[in-house]
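Worksheet for the structure shown next.
Bear in mind that the values in this text are calculations on the coordinates, not laboratory data. Note that the structure is predicted; figures quoted are calculated from it, not measured. Neighbour counts are summed over all protein chains in view; Cβ atoms, including those assigned to glycine, are modelled from backbone coordinates with ideal geometry.
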Amino acid sequence: MKRPPMRDGDEEALAELRLRVIAFTGLRHGQLEKLRPEDYDRDGRRIWVTGTKKTNSFWKPLDDFGVDAIDRLAAANAWGRFNRKSLHRAWKTALGRVGLPLTLRPYDLRHSYLTAAYLASGDVLAVKALSGHRQLRTVERYTKAAVDPKAVEAVEKMTDYMQRRPTQMSPVAVTGKKERKLRLAASDGQKVS
């Protein structure tokens, strides 16, 4: 399926949608690029994640946020390969808006997702299943991050921001002083703490 030609602002909005998918599914960039409409089982609330030479293919269950993120991706027909530079630009913009260090990478959203899964469940095997990792020792990094207060704070800030962040592709009614302040500052190019 080919996407129609992009208009001004579409590339940034698509990048925000993809960041949302990474944040709420824990997919890697390459896994997201391989994701196709037929890999999404909305009724079963899951996606088929195509493996690599280091990971197995598997069905990944989705929570409400994951379903919403994939629904938005599907509505925008944003499947397949994408410009990683635009993803990184949108990421740096989001970091600046919420006051997180610009040294964080989009891949850290995957780590945040898996760390949050560990914090919620306390189950290393469940995190292993969600991540697609073959080795349990690879999953241990998420349990270590779970006890780092700075990592926990970063996860909470990004999760809160991603839950409330409207996108150009899917307008959402916005309420609350902090969100209005962020939107106003974003339009003026100001940094908001």
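The phi torsions of the stretch 91-103, fed into the Karplus equation with coefficients 6.51, -1.76 and 1.60 and a -60° offset, translate into couplings of 4, 4, 4, 5, 4, x, 5, 9, x, 8, x, 6, 7 Hz, rounded to whole numbers, with Gly and Pro shown as x. Couplings 3J(HN,Hα) of the stretch 74-86, computed from phi: 5, 4, 8, 6, 9, 6, x, 4, 8, 7, 5, 5, 5 Hz, in residue order, whole Hz [Karplus 6.51 cos²θ - 1.76 cosθ + 1.60, θ = phi - 60°; x for Gly and Pro].
Among the listed pairs 54/128; 60/150; 54/85; 54/92; 85/150, those whose Cα-Cα separation exceeds 23 Å are 60/150; 54/85; 54/92; 85/150. Once the chain from residue 125 to residue 157 is taken as fully extended at 0.36 nm per residue, the excess over their C-alpha distance is 8.9 nm.
Spacing of the modelled spin labels on residue 77 and residue 134, each 7 Å from Cα toward Cβ, amounts to 3.8 nm. Sites listed here are chymotrypsin sites (Phe, Trp or Tyr not before Pro) in the stretch 9-89 whose DSSP assignment is loop and whose Cβ has at most 15 other Cβ atoms within 10 Å, and the list is empty.
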